[in-house]
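Down below is the structure, laid out as structure tokens.
The values are calculated or read from the model by the stated rules, or taken from the named source; none is laboratory data. The shown structure was predicted, so the numbers you read here are calculated from the model rather than taken from an experiment. Neighbour counts run over all protein chains shown; Cβ positions are idealised from the backbone, glycine included. These accessible areas exclude ligands, DNA and RNA; they are computed on the full protein's heavy atoms, side chains included. Shrake-Rupley method; radii C 1.70, N 1.55, O 1.52, S 1.80 Å.
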Amino acid sequence: RRQRQMCIRDRSALEHVGIIEAPYVLAGDSVKVIPLAAKKAGAEAGYYLYMSIDGGVSYQKIGTIGSYQLYGILAEDYSADTYQIDEQTEGILVDFDVARTEDLDLVQSITRDQMVSGQNIALLGSEIITFQTATPVTATRYRLSGIFRGRYDTEKADHSAGEAFWFIGTDLFQAISHSELAIGANRKFKMVPFTAKRSGDISEASAVDYTITGRAKKPYPPGNLKANGSWIGRY
């Protein structure tokens, strides 16, 4: 009976899910989405990504995702008023909501060169960051510092305690393309978890609404450019 209950729980609907479009550096010159999902029970092996083009009347599977991201919330405010590479403040404090604390072993300190090159990628609100140092405070609370802010096509922003944080590392994500990811179209997505033996029920999964913007096709603002004796975006 206990084994049966564990199987049912392991296949239950995921609680923390989301969708973003991949920026150019991750998608190239094509429109792709990155699904975000955190494990709920701990035994999940992956999840199926479904998309609806008719407002949720019907769904089709468009991808099988073999890894989960780590979800947390910001424990204290973080101001936009920092250097682009923030090595002057204590960084951010994140409370992770994980099914298994051992999954947090993925959150590791790296070298400064690795951080600058794009490792330890995370999404704080809508701002993409990378960070150098991860310091455990408790089993699920981490201090993340040495932060490169406003990465790729995002900008520094003010962040309030309670804001969502997703750790996607360098390989904890998949960018999914599909012919129906038309710019300007509204799409609904569902993530259905599966274990080694069973899969969840799509009817129990929460739908995520997203309007496709064509993010990967938008040019980045210029940086490190000198004009008329002044630097633009120098850091």
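Here is how the numbers come out for the structure above:
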| quantity | calculated |
| --- | --- |
| Convex hull volume per residue in cubic angstrom - Cα atoms of the chain | 133 Å³ |
| Relative contact order [Cα under 8 Å, 6+ residues apart], the chain, whole percent | 28 percent |
| For segment 24-148, accessible area per residue (1.4 Å probe, heavy atoms of protein chains only), Å² | 43 Å² |
| Relative contact order [Cα under 8 Å, 6+ residues apart], segment 1-129, whole percent | 17 percent |
| Peptides ranked, highest mean first, by Cβ atoms within 10 Å: ranges 140-150, 20-30, 179-189 | 140-150, 20-30, 179-189 |
| Gyration tensor (alpha-carbon) shape descriptor, segment 5-138, a/c threshold 1.5 | oblate |
| Nearest-0.05 FRET efficiency for Ser179 and Ser199, computed from C-beta distance (R0 41 Å) | 0.95 |
| Entries of Lys188/Lys217; Lys39/Lys217; Lys39/Lys218; Lys40/Lys156; Lys61/Lys156; Lys32/Lys156 with Cα pairs more than 28 Å apart | Lys39/Lys217; Lys39/Lys218; Lys40/Lys156; Lys61/Lys156 |
| Inter-label distance, nm, simple model (7 Å from Cα along the C-beta direction), Asp158/Asp209 | 2.7 nm |
| Translational D in µm²/s for segment 79-181 (Stokes-Einstein at 4 °C, 1.567 mPa s, Kirkwood Rh from C-alpha pairs) | 91 µm²/s |
| Label point 7 Å beyond Cα of Gln60 along Cβ direction - residues of segment 30-51 with amide nitrogen under 11 Å | 51 |
| Whole-Å distance, taken between Cα centres, linking segment 74-125 and segment 138-206 | 15 Å |
| From phi via Karplus (6.51, -1.76, 1.60), per-residue ³J(HN,Hα) for segment 90-107 in Hz, x at Gly/Pro | 7, x, 10, 10, 10, 9, 7, 10, 10, 6, 9, 5, 5, 5, 6, 5, 5, 8 |
